[in-house]
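Visitor: What follows is a structure written as structure tokens; I'll ask about it next.
No lab work stands behind these numbers, since they all come straight from the coordinates. Every value quoted in this text rests on a predicted model; they were computed, and no experiment measured them. A quick note on method: Cβ atoms are made from the backbone with ideal geometry, for glycine too, and the neighbour counts reach across all protein chains shown.
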Amino acid sequence: VQLQASGGGLVQAGGSLRLSCTSSGRTFSTSAVGWFRQAPGKEREFVATIESAENTDYADSVKGRFTISRDNAKNTVYLRMNSLKPEDTAVYYCAIRRFYSFSPYDSESYDYWGQGTQVTVSS
């Protein structure tokens, strides 16, 4: 299973970006997908996850600003990021969690990872 994350870039504080995670896997549309991020010198942290369109969850630090969604016809999961802050600066990764019962907040629960896309928010 290959995942491709894209959409990162440089944006000013208060701005927006939309990240995309696309997969060639045939089971992508039924898989749980998560977004994680890792800032320099810090551990990778959970950002958001989606199972069905109605079942999503977010880290407290991004609730109300980020929205995760999916388009199964395009085999793509999106992360819309609004009101970006300098502390959102990180490499963002998408990943597939095959087993819904595993914790969505733990990176060890995810089986396949994309290569990451850099998001830089300037103050």
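Visitor: Over all distinct Cα pairs, what is the inverse of the mean 1/r for segment 4-123, reported as the Kirkwood hydrodynamic radius in Å?
Guide: Answer for segment 4-123: a Kirkwood hydrodynamic radius of 14.1 Å.
Visitor: If I histogram all Cα-Cα distances within segment 66-123 using bins 5 Å wide from 0, what percent of pairs lands in each bin?
Guide: All Cα pairs considered, the percentages come to 4, 15, 20, 26, 20, 11, 4, 1.
Visitor: GNM, the chain, Cα, under 10 Å: largest mean-square fluctuation among Ser20, Ser52, Ser107?
Guide: In the Gaussian network model the winner is Ser52.
Visitor: Suppose we take every Cα in segment 1-75 and form the convex hull; what volume per residue is that in Å³?
Guide: 115
Visitor: How about segment 31-123: which chymotrypsin sites (Phe, Trp or Tyr not before Pro) there are in a DSSP loop, with at most 11 other Cβ atoms within 10 Å of their Cβ?
Guide: Sparse-neighbourhood loop chymotrypsin sites (Phe, Trp or Tyr not before Pro): Phe99.
Visitor: Work out which GluC sites (Glu not before Pro) in the chain are exposed loop sites (DSSP not H, G, I, E or B, at most 11 other Cβ within 10 Å) and give the longest gap free of them.
Guide: By the stated rule (loop sites, at most 11 other Cβ atoms within 10 Å), 55-123.
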